[in-house]
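The block underneath contains the structure these notes are about, expressed in structure tokens.
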Amino acid sequence: MKIIFVRHGEPDYVNDSLTEKGWREARLLAERISRWRVTEFYCSPLGRARDTASCTLEKTNRTAITLDWMKEFYYPIDDPITGRHGVPWDLIPSYWTKDPLLMDMDRWVEADLTAKNPEIAQNYKIVWKNLDQLLASDGYVREGLFYRMPDATEKFVVQTAVEGEDEYPEVYSQIYAEDEKEPVIVIFCHLGITCLALSHLLNIPFELLTHGFFIPTTSLTIVSSEQRWSNEAYFRVQRLGDVAHLASGGETISTAGSFAKPFEG
């Protein structure tokens, strides 16, 4: 299974839509996605995500299922250092790195900062629960910190194939055959909620993801399930923040969500 998280285009937050640049980004993205075999499209209910998705849906003549729980994870806090009232990330390094709770995958909601807004603890588990229900509908059932595929044929793969297709044609023919059958879902959403979903899929603390990785506007974050032992599966990031469509279309990377100028090389 492949899950492709798409962050919305450069946002016009006042109108919950896109800037002119954001619309250009969305059109370049649509050209790229239109070449894929997509099982299902999903979308956040917020305007900037829906506007981004609209370019792809129009080009592919498809519709998207709205997932209310994939709206941005905006349950604001008051930053004790900067005084900023807003998202529960974008924190000062000397503050968040010293709090062991903020570095914990499950207990980050118990930290002094996040506990001040009870909606954070109430809603992050709702997101994880709904994500697991969505994956279960495609045959991936959460079991502890990994997923099991109860209906899948068991596989036992000791190591990766390091040679090319000519060397192991039977291996690659099986890989390609399975690739044609696996579900591929695309979710148009937001930076924070993508990190929250990745936190669950990869078992990585939320604050480490939001502070340690930059996900540009209209970028693709692609996670793929790997089944290599029995009917067990684990999700692995293949690409994070991929904006190749912007580079090929001559569009610069937006600074939205970044405190540094993105590298354009």
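The values are calculated or read from the model by the stated rules, or taken from the named source; none is laboratory data. No experiment lies behind these values; they were computed from the predicted model shown. Counting neighbours? That spans all protein chains shown, and the Cβs are built from the backbone with ideal geometry, glycine included. When the accessible area is computed, the model is the full protein with side chains, heavy atoms only, and any ligands, DNA or RNA have been set aside. Shrake-Rupley method; radii C 1.70, N 1.55, O 1.52, S 1.80 Å.
Between Phe156, Phe146, Phe41, the Gaussian network model of the chain with springs among Cα atoms under 10 angstrom shows the greatest mean-square fluctuation at Phe156.
Springs between alpha-carbon atoms under 10 Å, Gaussian network over the chain: tell me which of Arg50, Arg239, Arg27 tops the mean-square fluctuations. Among Arg50, Arg239, Arg27, the largest mean-square fluctuation in the Gaussian network model of the chain belongs to Arg239.
Of the residues Val243, Val157, Val141, which exhibits the maximal mean-square fluctuation in a Gaussian network model of the chain defined by a 10 Å Cα contact cut-off? So, out of Val243, Val157, Val141, the one fluctuating most is Val157.
How much length would be gained if the chain were fully extended between Lys59 and Arg239, taking 0.36 nm per residue of separation minus their Cα-Cα distance, in nm to one decimal? Display every interim value, and only then the final one.
Values: separation 180, 0.36 × 180 = 64.80 nm, distance 2.38 nm.
This chain segment gains 62.4 nm when fully extended.
Against the criterion of solvent-accessible heavy-atom surface with a 1.4 angstrom probe, Thr160, Thr60 sort, most first, into Thr160, Thr60. Computed from the C-beta positions of Glu110 and Asn130, the FRET efficiency with R₀ = 25 Å rounds to 0.70.
Can you classify the chain as rounded, prolate or oblate using the Cα gyration tensor, where a ≥ b ≥ c are the square roots of its eigenvalues, rounded means a/c under 1.5, and otherwise it's prolate if a/b beats b/c and oblate if not? It would help to have the intermediate numbers written out before the result.
Numbers: a/c = 1.76, a/b = 1.25, b/c = 1.40.
Oblate shape, in that a/c is at least 1.5 and b/c is the bigger or equal ratio.
Note on the chain: antiparallel DSSP beta bridges, both residues inside, total approximately 65 percent of the bridges counted. A Förster radius of 51 Å combined with the Cβ-Cβ distance from Phe259 to Lys181 puts the calculated FRET efficiency at roughly 0.75.
If Lys and Arg each add +1 and Asp and Glu each add -1, what is the summed charge of the other residues whose beta carbon sits under 10 Å from the beta carbon of Ile215? Please report the intermediate quantities before stating the final value.
Numbers: positive: Arg7; negative: Asp242.
Net charge around Ile215: 0.
When the pairs Lys21/Lys59; Lys59/Lys155; Lys2/Lys129; Lys116/Lys261 are compared against a 29 Å limit on Cα-Cα distance, Lys59/Lys155; Lys116/Lys261 fall above it.
Rolling a 1.4 Å probe over the protein chains gives Asp78 an accessible area of about 90 Å². The label point for Leu145 and the one for Thr252, both projected 7 Å from the Cα toward the Cβ, are 4.2 nm apart. For the pair segment 186-241 and segment 1-77, the centres of their Cα atoms are 17 angstrom apart.
Nothing charged except the Cβ atoms of Lys and Arg (+1) and of Asp and Glu (-1): what's the magnitude of the dipole of segment 6-78 about its Cα centre? Round to the nearest 20 debye. Show your work: numbers first, answer last.
Values: 12 positive and 12 negative charges, 100 e Å.
Charge dipole, segment 6-78, about its Cα centre: 480 debye, nearest 20.
Do you know the relative contact order of the chain, to the nearest whole percent, from alpha carbon pairs under 8 angstrom that are 6+ apart? Write down the numbers at each step before the final one.
Numbers: 443 pairs, mean separation 75.1, N = 265.
Worked out over the chain, it gives 28 percent.
To the nearest 0.05, how large is the calculated FRET efficiency for Thr160 and Val14 if R₀ is 41 Å and r is the Cβ-Cβ distance? It comes out at approximately 0.25.
Between helix 47-60 and the chain there is an angle of about 30 degrees, using the helix long axis and the longest principal axis of the Cα atoms.
With a cut-off of 9 Å between beta carbons, the residues surrounding Arg148 carry a summed charge of -1, where Lys and Arg count +1 and Asp and Glu -1.
Relative to the longest principal axis of the Cα atoms of the chain, helix 169-181 runs at roughly 50 degrees.
Sort segment 193-265 into rounded, prolate or oblate with this rule: let a ≥ b ≥ c be the square roots of the eigenvalues of the Cα gyration tensor; rounded if a/c is under 1.5, and if a/c is not under 1.5, prolate when a/b is larger than b/c, oblate otherwise. Oblate, since a/c reaches 1.5 and b/c is not below a/b. Neighbours of Ala136, meaning other residues whose beta-carbon lies under 12 angstrom from its beta-carbon, give a summed charge of -1 when Lys and Arg score +1 and Asp and Glu score -1.
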